[in-house]
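Comments concern the structure below.
The values are calculated or read from the model by the stated rules, or taken from the named source; none is laboratory data. Note that the structure is predicted; figures quoted are calculated from it, not measured. Cβ coordinates were reconstructed from backbone atoms using ideal geometry, including for glycine residues, and neighbour counts include every protein chain displayed. Surface areas here come from the heavy atoms of the whole protein model, side chains and all, with no ligands, DNA or RNA. Shrake-Rupley method; radii C 1.70, N 1.55, O 1.52, S 1.80 Å.
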Amino acid sequence: MLPLLKREALERALYSCVEMGANEIRLVVTKKTTREWGGEKEFARLQRIIISAAEQSKNFSIPLLYQPERFETVIDNSNSDVCLFADPEGVPIGQVLKNTISSLIILVGPEGDLTEEEKALVKKKSF
C-alpha cells in the first residue's frame, strides 16, 4: 500500500516496489493527502513507469496497480498472515514479529537474477 504521494516521490516509490518484486500496489488516499489524483492519464503514466522499472530491474512480473482508494476501505479489506506498518515511531520489526513468526527470511536476488538451478533450490526450500 502506498499513499498518494507527490508526483516524483510516488514515481520513486513505485519504481522501488517493482524492484523489490511487489505483486500488487494499492494506492491509498489518507486524510493528509494534499494532492489531486490525475485520473486515467496519471494512471496510464504510472503503469508505464511500472513497466519501465520491471524492464530495468529484469523483473518481468509486472505488479497489478490499483486506482486510489480511501485508506479506510483498503485497510478494512486487507487480509494477510502478516501485515507490517513502517512507522518511524513504532516498535522495531523484531519485537513485532517475535510472537507471531519465529523467523523471517527475505531473499533478494542479484541484478542478473538467479539461475534456473538456484530458483529450483529456492522453490524446493519453500520460499
Can you tell which of T34, T30 is open to solvent by 100 Å² or more (accessible area, probe 1.4 Å) and of a type in the set (V, I, T)?
T34
Write out, first by first residue and then by second, each pair whose Cβ atoms fall under 6 Å of each other, whose residues are 6+ apart or on separate chains, and whose first residue, in the range 1-20, is farther than 26 Å from D76 by Cβ while the second is of a type in the set (S, T, N, Q) and surrounded by 13 or more Cβ atoms within 10 Å (Cβ to Cβ).
E19/S57
Name the residues in the range 57-100 that are over 24 Å from A9 (Cβ atoms), surrounded by 11 or more Cβ atoms within 10 Å (Cβ to Cβ) and modelled with pLDDT of 70 or more, would you?
K58
Return yes when A44 is part of a helix (DSSP H, G or I), in contact with a helix residue (DSSP H, G or I) (Cβ under 7 Å, 6 or more places away or on another chain) and free of Cβ contacts under 8 Å to residues at least 40 places away in the same chain and no when it is not.
no
Determine whether the range 30-38 contains at least one residue that is part of a loop (DSSP other than H, G, I, E, B), of a type in the set (A, V, I, L, M, F, W, C) and within 22 Å of R70 (Cβ to Cβ).
yes
Would you say V108 is modelled with pLDDT under 80, open to solvent by less than 100 Å² (accessible area, probe 1.4 Å) and not charged (D, E, K, R)?
no
Only listed residue being loosely packed, with under 12 Cβ neighbours inside 10 Å and at pLDDT 90 or above, chosen from A44, A54
A44
Single condition E118 does not satisfy, out of (1) in a helix (DSSP H, G or I); (2) modelled with pLDDT of 95 or more; (3) surrounded by 11 or more Cβ atoms within 10 Å (Cβ to Cβ)
(2)
Given the options M1, M20, name the one that is touching a strand residue (DSSP E or B) at 6+ places or on another chain (Cβ under 8 Å) and not basic (K, R).
M1
